[in-house]
């Protein structure tokens with residue numbers, strides 16, 4: 001009597017029935033054994049395919065977890081960069097405010113000196129151009145900080161998009177795997193019935 005590894009009681013009874021039914025016919029047990037071998041090979045290949053699919057799913061889960069960790073790191077970096085940018089902008093605004101105050105004091109002094117001397121007119125123009133250049137520098141710094149934040153947000157969106165695509169792929173892979181397993185089960189049941 002043949003012992004099946006998957007515990008299929010019906011197949012054992014079927015084989016035993018055929019062997020008892022016609023002992024003189026030597027082809028029947030050989031066909032049964034070859035059918036059994038085919039079923040055994042198919043079961044083993046199905047088990048191997050399932051094991052491979054589980055390993056693939058495990059690898060996908062690990063990759064998704066790694067990407068999630070990378071997204072968390074990227075989010076932290078974005079927050080840190082945002083905080084740094086805010087700090088830089090605040091310090092620059094404070095510096096500009098202090099510089100403007102100093103420049104206003106200088107302008108007042110220059111106006112008083114202008115009454116004494118007409119040559120102070122050129123000094124005032126120089127002071128105003130210095131104020132304008134400081135404002136331009138401030139705007140450029142603000143623009144570069146904004147550009148850096150936008151770039152990091154774009155990277156974060158890209159990572160999120162990759163994670164969503166991988167999640168979709170994983171779900172699709174699982175559905176296909178379930179369909180294949182159901183199809184294999186239906187085919188095995190048909191063969192058992194035949």
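The values are calculated or read from the model by the stated rules, or taken from the named source; none is laboratory data. What you see is a predicted model; the values in this text were computed from it and never measured. Reconstructed Cβ throughout: ideal geometry from the backbone, glycine too, with neighbour counts over all protein chains shown.
Which residue is farthest from the chain's Cα centre (by Cα), if the candidates are limited to region 136-154 and must be closer than 30 Å to residue 60 by Cβ and at pLDDT 85 or above?
Among those that are closer than 30 Å to residue 60 by Cβ and at pLDDT 85 or above, it is 151.
Please go through (1) closer than 20 Å to residue 137 by Cα; (2) in contact with a helix residue (DSSP H, G or I) (Cβ under 7 Å, 6 or more places away or on another chain) for residue 102 and return the number of the only condition it doesn't satisfy.
If we test residue 102 against (1) closer than 20 Å to residue 137 by Cα; (2) in contact with a helix residue (DSSP H, G or I) (Cβ under 7 Å, 6 or more places away or on another chain), just (2) comes out false.
Residue-by-condition table, conditions (1) at pLDDT 50 or above; (2) assigned to a loop (DSSP other than H, G, I, E, B); (3) at positive phi:
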| position | (1), (2), (3) |
| --- | --- |
| 5 | no, yes, no |
| 13 | no, no, no |
| 34 | yes, no, no |
| 48 | yes, no, no |
| 56 | yes, no, no |
| 64 | yes, no, no |
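Can you tell me which residue among 165, 177 is in contact with a helix residue (DSSP H, G or I) (Cβ under 6 Å, 6 or more places away or on another chain), assigned to a helix (DSSP H, G or I) and modelled with pLDDT of 85 or more?
Just one listed residue meets the conditions, 177.
Among the listed residues 191, 157, identify the single one that is within 30 Å of residue 75 (Cα to Cα), at pLDDT 80 or above and in a helix (DSSP H, G or I).
Matching residue, one of 191, 157: 157.
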